[in-house]
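Encoded as structure tokens, the structure appears first; notes follow it.
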Protein chains: 2
Amino acid sequence: MKKTTIHDIARELDVTFSTVARALNDHPAISAATKAAVLETAKRLNYQQNKLASSLRSGRTNVIGIIVPSLDTSFFSSVVHGLEKVMNENGYSMLLYQTGESLSQEQKGIETFLQSRVDGIISSVSGEVEIKEFYEQISKRQVPLLFFDRAINELPVPSVTINDYRAGFLATEHLIGQGYKNIAHLTSDQNLTIFKERFRGYRDALQRYNLPVDEKMIFKGKLSLEFGKESVQQMLDKQMNFDAVFAAEDYTAMGALQLLLEKGYKVPEEIGIMGFANEAFGAFVTPSLSTVDQQTIRMGEETAHLFLKLIGSKDYYGTTPERIVLDPILLPRRSSQPD
Amino acid sequence: MKKTTIHDIARELDVTFSTVARALNDHPAISAATKAAVLETAKRLNYQQNKLASSLRSGRTNVIGIIVPSLDTSFFSSVVHGLEKVMNENGYSMLLYQTGESLSQEQKGIETFLQSRVDGIISSVSGEVEIKEFYEQISKRQVPLLFFDRAINELPVPSVTINDYRAGFLATEHLIGQGYKNIAHLTSDQNLTIFKERFRGYRDALQRYNLPVDEKMIFKGKLSLEFGKESVQQMLDKQMNFDAVFAAEDYTAMGALQLLLEKGYKVPEEIGIMGFANEAFGAFVTPSLSTVDQQTIRMGEETAHLFLKLIGSKDYYGTTPERIVLDPILLPRRSSQPD
DNA sequence: ATGAAAGCGCTAACAA
DNA sequence: TTGTTAGCGCTTTCAT
């Protein structure tokens, strides 16, 4: 069964295919009668517009490319959820690419999207300096680009992020307010601004309240349950003096929590714990895990809205890039409140 | 800056554009010298193949469409994660569509994909009888189609699912084996085979062990933490005699668990709880939540592999559809083991 | 209100 | 090994 085209409809109705095309796109200059006839015939013949042809000719695909490290984390899948919903409501389809934090995958994704002639690219980067050139390729081609959560600040690209510095500060300040004085920090070894900012917030909060910043209390590694456990184990082994742990990610915090409970420590009475990201499990565990909410779905929606707004303004690369910074929401729960 | 095409490269090198095309697709009949020259020039001019044109002409897009209810659940985002990874490794891109369990959205997604001339559609349906016609449209158009997790069994379409009947049976049998005798079941009000099968497994297990099946112990609703709480609250209000709850989904089980603990019941000593889906939080809560693992990532990978295999065989709609059924993995944890 | 014609950038069959 | 040619199915400009 060959596919129906506008030519088939035209033949059936004895008009030219351009008339059919007009009717289908409801062009103003078309009689109501022919339009109705065309629509009826199209339906009868099971016509499906060929978007490839249409896009090739018009130069617009109504497709945007999304690049994320991985969908297997509630953070990114939530953001993508919000993003897709809004873009979809506005007539866009989404091509999805996971990098697995690999730079070469990220390059391949960009390449594919460019070849597919997407109307824009929305990305959460896996590397910053390393991948900068590739993103410059995108702007050179004048393809609208937007960063979310993880941005490359040196590039003049609009973005939607949260204030990670403030988040780190608030989290640490909260621990200090609860009476903890020797706060360890578990962060990522990835060279990403978000983690550096959370760390900077942590450090500044300590200094603000006249607490010493001890390099030995700062652990860098691959964020995970295991890393959380190992880091705490190390502190215990070295008999370090700590009474709280602020992890830059919830699973890591959970690892710390589990190990401490296992070893018989009381959380939050003896040791306080703060996570980051508001994973679903945090509310359910005992003691419930204090954390920072990143407004994931809202971030997705804001990203979509900013994109739509910018793409509507026609001069994407003409104006100074708008950078939306969302406020983190501190969620103090039981694990950091001894009283 | 206009985009570079094969014509630009051809002009630069004084060959015809078809020579360039051949070099770029490394056609066998092309001299090493011209090929090298073309590649060099392509790079220098920043050439990017236009996949729209290529696909329009060749009839292949190397894009597949994925339809899921929502990415904002760890189940679907995990499956999509596995799926995308494998498809990507095999040169496919993924268009993503979320239906939000809405049938009209599901129709729109199918429509869009068909218009985009995807090379195949992989779907987890939101409705069965209601949406059947639309899926028949797909097979009429000879577009490869595959179901995962939620399939429409009446349609001759290949699928990758788990054995929900067995899962329901195993879960219930486990509770019975632990000594529970009055087991309530909380399930979805959606008209989907997966839930009916879990229920059938539950019922058959009760019968197998000579326990009565009581209609009043079966609750249907929108699976969620709240639904879990409400259902249990109802049983308490009516002073019903129950000593275990098997929920068809983990959040619902969690709701049941929370309410019972709140009311001072001992889990698992007085009342046992089983969930379904192996959400991340289950391992971390106290008592840890017994559940059934659905092998999400593996399901995504199997789906991708089956799709690739079938698409390779050229005669997608010629053979009887292969239906892969994965085994569920029972994860008995603390919430169902009183001893 | 409709028709005619050009062309988006590529693939692929046929010639040379 | 390279060139020629004919579209894929549509949008869009210019005529009528």
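The values are calculated or read from the model by the stated rules, or taken from the named source; none is laboratory data. Predicted, not measured: the structure shown is a model, and the values here were computed from it. Cβ: placed from backbone, ideal geometry, glycine included. Neighbour counts: every protein chain shown. For accessibility, only protein heavy atoms count, side chains too; no ligands or nucleic acids. Shrake-Rupley method; radii C 1.70, N 1.55, O 1.52, S 1.80 Å.
Brief remarks follow.
- Scan of the stretch B:294-310 for residues that are facing chain A (nearest Cβ under 10 Å) and open to solvent by less than 10 Å² (accessible area, probe 1.4 Å), ordered by number: B:Gly300
- Subset of the stretch A:309-323 that is under 23 Å from A:Asn163 (Cβ atoms) and in contact (Cβ under 8 Å) with a residue 40 or more places away in the chain - its residue that is nearest to the chain's Cα centre (by Cα): A:Arg323
- Comparison of A:Pro321, A:Pro268 shows that the only residue that is over 23 Å from A:Ser74 (Cα atoms), in the same structural domain as A:Thr73 (by TED's automatic domain parsing) and in contact with a strand residue (DSSP E or B) (Cβ under 9 Å, 6 or more places away or on another chain) is A:Pro321.
- Filter result (away from every other protein chain (no Cβ under 14 Å) and more than 6 Å from DNA strand D (Cβ to nearest atom)) within the stretch B:23-36: B:Ala23, B:Asp26, B:His27, B:Pro28, B:Ala32, B:Ala33, B:Lys35, B:Ala36
- Scanning the stretch B:21-50 for residues that are among the charged types (D, E, K, R) and near DNA strand C (Cβ under 8 Å from one of its atoms) turns up just one, B:Arg22.
- Within the stretch A:72-83, the set of residues being in a helix (DSSP H, G or I) and more than 7 Å from every other protein chain (Cβ to nearest Cβ) comprises A:Phe75, A:Phe76, A:Val79, A:Gly82, A:Leu83.
- Scanning the stretch A:107-126 for residues that are at negative phi and at the interface with chain B (Cβ under 9 Å from one of its Cβ atoms) turns up A:Lys108, A:Gly109, A:Glu111, A:Thr112, A:Phe113, A:Leu114, A:Gln115, A:Ser116.
- Which numbered condition A:Lys181 misses (of (1) farther than 29 Å from A:Pro332 by Cα; (2) surrounded by fewer than 20 Cβ atoms within 10 Å (Cβ to Cβ)): (1)
- For the stretch A:282-293, filtered to residues that are under 25 Å from A:Phe148 (Cβ atoms) and open to solvent by 10 Å² or more (accessible area, probe 1.4 Å), the residue that is nearest to the chain's Cα centre (by Cα) is A:Asp293.
- Residues satisfying the stated conditions in the stretch A:27-53, i.e. hydroxyl-bearing (Ser, Thr, Tyr), assigned to a helix (DSSP H, G or I) and surrounded by fewer than 18 Cβ atoms within 10 Å (Cβ to Cβ): A:Thr34
- If you go through the stretch A:218-242 and keep only what is in a strand (DSSP E or B) and either open to solvent by 20 Å² or more (accessible area, probe 1.4 Å) or within 21 Å of A:Ser336 (Cβ to Cβ) (or both), you end up with A:Ile218, A:Phe219, A:Lys220.
- Complete set of residues in the stretch B:127-150 that are open to solvent by 10 Å² or more (accessible area, probe 1.4 Å) and more than 14 Å from every other protein chain (Cβ to nearest Cβ): B:Glu128, B:Val129, B:Glu130, B:Lys132, B:Pro144, B:Arg150
- Among the numbered conditions (1) in contact with a Lys or Arg (Cβ under 9 Å, 6 or more places away or on another chain); (2) within 12 Å of chain A (Cβ to nearest Cβ); (3) near DNA strand C (Cβ under 8 Å from one of its atoms), the only one that B:Phe17 does not meet is (2).
- Selection within the stretch B:228-247 - in contact with a Lys or Arg (Cβ under 9 Å, 6 or more places away or on another chain) and either of a type in the set (Val, Ile, Thr) or under 30 Å from B:Asp72 (Cβ atoms) (or both): B:Val232, B:Gln233, B:Met235, B:Ala244, B:Phe246
- Applying the set (1) more than 10 Å from chain A (Cβ to nearest Cβ); (2) within 16 Å of DNA strand D (Cβ to nearest atom); (3) in contact with a Leu (Cβ under 8 Å, 6 or more places away or on another chain) to B:Gln49 leaves exactly one unmet item: (1).
- Single residue of A:Ser58, A:Ser104, A:Ser93, A:Ser54 found to be more than 11 Å from chain B (Cβ to nearest Cβ) and either within 16 Å of DNA strand D (Cβ to nearest atom) or more than 18 Å from the chain's Cα centre (by Cα) (or both): A:Ser104
- Checking B:Gln207 against (1) surrounded by fewer than 15 Cβ atoms within 10 Å (Cβ to Cβ); (2) on the phi < 0 side of the Ramachandran plot; (3) in contact (Cβ under 8 Å) with a residue 12 or more places away in the chain, the condition it does not meet: (3)
Okay, residues lined up against (1) more than 16 Å from DNA strand C (Cβ to nearest atom); (2) in the same structural domain as A:Gln142 (by TED's automatic domain parsing); (3) closer than 19 Å to A:Asp293 by Cβ; (4) aromatic (Phe, Trp, Tyr):
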{"site": "A:Ser55", "(1), (2), (3), (4)": "no, no, no, no"}
{"site": "A:Asp72", "(1), (2), (3), (4)": "yes, yes, no, no"}
{"site": "A:Phe75", "(1), (2), (3), (4)": "yes, yes, yes, yes"}
{"site": "A:Val80", "(1), (2), (3), (4)": "yes, yes, yes, no"}
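- Taken as a whole, the stretch B:167-174 holds at least one residue that is more than 14 Å from the chain's Cα centre (by Cα), of a type in the set (Asp, Glu) and not assigned by TED's automatic domain parsing to the domain that holds B:Asp315.
- Selection over the stretch A:61-71 of residues that are more than 16 Å from DNA strand D (Cβ to nearest atom) and not in a loop (DSSP other than H, G, I, E, B) gives a count of 5.
- Test: residue in the stretch A:93-100 that is buried (at least 21 other Cβ atoms within 10 Å of the Cβ), more than 15 Å from DNA strand C (Cβ to nearest atom) and touching a residue at least 40 places away in the same chain (Cβ under 8 Å): no
- A search for C-beta distances below 9 Å between a residue of the stretch B:5-26 that is part of a helix (DSSP H, G or I) and any residue that is basic (Lys, Arg), counting only pairs 6+ apart in sequence or on different chains, returns B:Asp8/B:Lys2; B:Glu12/B:Arg44; B:Phe17/B:Arg11; B:Arg22/B:Lys35; B:Ala23/B:Lys35; B:Leu24/B:Lys35.
- Tally, over the stretch B:171-183, of residues that are farther than 26 Å from B:Gly127 by Cα, of a type in the set (A, V, I, L, M) and assigned to a helix (DSSP H, G or I): 2
- Single residue of the stretch B:261-281 satisfying the filter (touching a helix residue (DSSP H, G or I) at 6+ places or on another chain (Cβ under 6 Å) and part of a helix (DSSP H, G or I)) that is surrounded by the most Cβ atoms within 10 Å (Cβ to Cβ): B:Phe281
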